[in-house]
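The values are calculated or read from the model by the stated rules, or taken from the named source; none is laboratory data. A quick note: this is a predicted structure, and the numbers were derived from the prediction, not measured. Virtual Cβ from ideal backbone geometry, glycine too; neighbours counted across all protein chains shown. Note: accessible area is taken over every heavy atom of the protein model, side chains too, but ligands, DNA and RNA are not part of it. Shrake-Rupley method; radii C 1.70, N 1.55, O 1.52, S 1.80 Å.
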Amino acid sequence: MKIPFYKAHLALFFVNVLYGAGHIIAKGVMPEFLTPSVFILLRVSGAVLFFWMLAILFKKTKIQKKDIPLFILCGIFGVAVNQLFFFHGLNLSSSFNSGIIMSMNPIMVGILSYFILKEKPTSIKILGVLLGACGAILLTLKGGTSSGDSVLGDTFLIINAMSYALYLVIAKPLMSRYAPITVITWVFTFGLFFVCLFPSTIPDFIQTDFSSIPDVIYLKISYIIIGVTFLTYLLTIYGLKFLSPTVSSSYIYFQPLLVVLFAFVFSYLNWSADYTNTITLEKILYMILIFLGVYLTSKTSTKKVI
């Protein structure tokens with residue numbers, strides 16, 4: 001079993017590399033060329049197309065009726081709510097803030113695992129939750145006080161992180177009954193339905209002038225659809241096949257570091273606008289506080305599952 005575990009860890013690290021670049025790339029598309037709702041519609045629709053092509057190829061698409069409610073919940077929290085709040089939050093806030101807030105995911109998974117999976121919390125875990133929450137609260141209070149920050153945007157990003165954490169927890173039982181491609185195909189299919197129900201999605205799509213969008217922006221959109229959606233969700237669901245939700249989510253603390261790296265690299269190569277001005281010492285201190293909380297929250301869990 002060493003090889004699958006090794007591959008699972010590698011897959012989860014690569015997921016966060018794709019996400020780290022995605023924070024910067026997606027920020028350059030909204031709101032000048034696409035509204036967040038339209039961007040999400042394109043992202044999820046494209047991913048559904050790719051997932052179904054792959055699922056049909058492997059002939060693994062059947063699900064049991066008793067599992068449909070759970071698939072629907074995964075579609076709501078893992079795709080619709082998650083994506084809507086992330087893109088609307090990123091549109092208002094900075095890519096660095098989004099990376100920091102997403103790193104709270106393991107803490108949220110720990111909290112939800114207590115209520116849903118009945119995992120007993122330790123005093124160390126409780127301390128980790130408190131430290132991480134302090135870091136997130138301080139970061140959110142910082143929102144709106146400098147360029148590129150937004151209290152509302154950071155709040156949306158926190159909701160996004162909580163939604164994704166809930167998805168990681170409730171999707172775990174499906175991993176023992178279905179192939180990863182089956183799970184993710186149906187999760188995105190149901191998720192697309194709920195994305196379309198969001199009030200601004202269809203009207204914004206109709207009003208979008210796609211002919212005026214430059215080719216370089218279409219390349220960025222393609223990266224988000226293929227790299228940050230199709231590949232990341234497929235690799236994440238693969239990781240969940242072998243690792244616990246807490247371990248899977250713990251890789252997300254790489255995101256702020258990768259966002260910083262890509263912000264400087266993309267700015268230097270002139271591939272994106274310069275977002276490095278949103279990276280401040282104060283935010284880095286909040287990030288360290290969250291990292292410490294993540295470490296304490298995940299410490300005991302990783303020993304049990306690897």
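Data for the structure
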| item | result |
| --- | --- |
| Any hit, the range 146-156, residues being closer than 25 Å to Lys283 by Cβ, more than 22 Å from the chain's Cα centre (by Cα), at pLDDT below 85 and of a type in the set (Gly, Ala, Ser) | yes |
| When residues of the range 161-197 are limited to those that are within 16 Å of Ile111 (Cα to Cα) and not hydrophobic (A, V, I, L, M, F, W, C), the one surrounded by the most Cβ atoms within 10 Å (Cβ to Cβ) | Tyr167 |
| Where Pro203 falls short, out of the listed (1) in contact with a helix residue (DSSP H, G or I) (Cβ under 8 Å, 6 or more places away or on another chain); (2) open to solvent by less than 70 Å² (accessible area, probe 1.4 Å); (3) more than 20 Å from Leu12 (Cβ to Cβ) | (1) |
| Failed criterion for Asp274 (all others in (1) modelled with pLDDT under 70; (2) part of a helix (DSSP H, G or I) hold) | (2) |
| Which listed residue is in contact with a Ser or Thr (Cβ under 8 Å, 6 or more places away or on another chain) and either buried (at least 24 other Cβ atoms within 10 Å of the Cβ) or aliphatic (A, V, I, L, M) (or both), from Val17, Val81 | Val81 |
| Flag if Gly227 is of a type in the set (Gly, Ala, Ser), within 14 Å of the chain's Cα centre (by Cα) and open to solvent by less than 20 Å² (accessible area, probe 1.4 Å) | yes |
| Exclusive hit being in a helix (DSSP H, G or I) and touching a Phe, Trp or Tyr at 6+ places or on another chain (Cβ under 6 Å), set Gly22, Gly99, Gly75 | Gly75 |
| Test for Thr246: is it of a type in the set (S, T, N, Q), modelled with pLDDT of 90 or more and touching a helix residue (DSSP H, G or I) at 6+ places or on another chain (Cβ under 7 Å) | no |
| Selection within the range 165-188 - at pLDDT 85 or above and of a type outside the set (A, V, I, L, M, F, W, C) | Tyr167, Pro173, Arg177, Tyr178, Thr182, Thr185 |
| Some residue of the range 51-70 being closer than 23 Å to Ala171 by Cβ, open to solvent by 10 Å² or more (accessible area, probe 1.4 Å) and touching a Pro at 6+ places or on another chain (Cβ under 8 Å) | yes |
| Subset of the range 25-39 that is of a type in the set (A, V, I, L, M) and not in a loop (DSSP other than H, G, I, E, B) - its residue that is most open to solvent (accessible area, probe 1.4 Å) | Ile25 |
| The range 1-22 residues that are of a type in the set (Asp, Glu), paired with ones that are modelled with pLDDT of 85 or more and outside any helix (DSSP H, G or I) (beta carbon under 8 Å, 6 or more apart) | none |
| Condition check for Lys66: without any contact (Cβ under 8 Å) to a residue 60 or more places away in the chain and out of contact with any His (no Cβ under 8 Å at 6 or more places or on another chain) | yes |
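Yes/no per residue for (1) in contact with a Cys (Cβ under 9 Å, 6 or more places away or on another chain); (2) of a type in the set (Lys, Arg):
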| position | (1), (2) |
| --- | --- |
| Ile202 | yes, no |
| Val216 | no, no |
| Lys220 | no, yes |
| Thr236 | no, no |
| Ile252 | no, no |
